[in-house]
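This report concerns only the one structure given below.
The values are calculated or read from the model by the stated rules, or taken from the named source; none is laboratory data. The structure presented is a predicted model; accordingly, all values stated were derived computationally and were not measured. Ideal geometry is used to build each Cβ from the backbone, glycine not excepted, and the neighbour counts take in all protein chains shown. Areas reflect the complete protein model, heavy atoms only, side chains present, ligands, DNA and RNA absent. Shrake-Rupley method; radii C 1.70, N 1.55, O 1.52, S 1.80 Å.
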Amino acid sequence: AGTPTQGGTTVAIVDGPVNHNVNFDRVSTVDRYVRVELTTSTSEELPPADLAQTVKDLLLAYTDAAWTIGTDVLPHRLEGQLDGVSGVDGITITTSDDGATWVGGKFAITRLQRAVLTDARITVVEV
């Protein structure tokens with residue numbers, strides 16, 4: 001008896017003289033690339049000298065906490081993380097799964113996936 005389990009992976013659990021099969025699924029990671037275009041030329045404030053790294057640090061801190069299992073990638077939420085960076089007048093963020101083809105809208109993540117971003121997959125461009 002007991003509660004039936006679901007999933008594509010099965011592991012036998014020994015419970016005294018009885019073995020129970022437990023089924024479960026593993027979460028897969030989905031690598032995302034992020035391209036950030038920043039307009040700085042018309043600002044009355046100066047951007048930080050390390051603007052690109054500041055942007056990367058802010059995005060990584062956000063995505064590490066917010067991109068949980070099943071959470072879609074929404075570029076406008078990434079833009080919001082950069083709102084307080086001095087010297088920036090405009091922000092456009094696009095994402096990609098290969099670093100070559102960019103989209104500006106939502107990227108869907110399933111209930112068995114988690115989007116992942118690394119420093120090396122963030123491109124910051126001043127326009």
#### Entry: Net charge of neighbours whose Cβ lies under 14 Å from the Cβ of Gln81, counting Lys and Arg as +1 and Asp and Glu as -1
-2
### Message
If R₀ is 41 angstrom, what is the calculated FRET efficiency for the pair His76 and Thr10, using the beta carbon separation as r and rounding to 0.05?
### Response
0.50
### Message
Under the rule that an exposed site lies in a DSSP loop and has at most 14 other Cβ atoms within 10 Å, name the longest stretch of the chain with no GluC sites (Glu not before Pro) of that kind, not counting the sites themselves.
### Response
46-127
## Note on the structure
Rounded to one decimal in Å, the inverse mean reciprocal Cα-Cα distance for the range 1-73, i.e. its Kirkwood radius, is 17.3 Å
### Task
Provide the net charge surrounding Leu38, with neighbours chosen by a C-beta distance below 9 Å and charges set as Lys +1, Arg +1, Asp -1, Glu -1.
-3
### Task
Find the accessible area per residue for the chain; the probe is 1.4 Å, ligands and nucleic acids are left out, and the unit is Å².
60 Å²
## Note on the structure
Whole-number value, in Å³ per residue, for the convex hull of the alpha carbons of the chain is 129 Å³
### Query
Roughly speaking, what is the stretch gain from Val116 to Thr42, that is 0.36 nm per residue apart minus the C-alpha to C-alpha distance, in nm to one decimal?
23.3 nm
### Query
Carbon and sulfur atoms: what percent of the 1.4 Å accessible area of the chain do they account for?
50 percent
### Message
Tell me the mean residue ellipticity at 222 nm calculated for the chain from its helices only (DSSP H runs of n ≥ 4, each -39500 (n - 2.57), averaged over every residue, nearest 500).
### Response
-5000 deg cm²/dmol
#### Entry: Acute angle (nearest 10 degrees) that the helix 51-66 long axis makes with the longest principal axis of the chain, alpha-carbon atoms
30 degrees
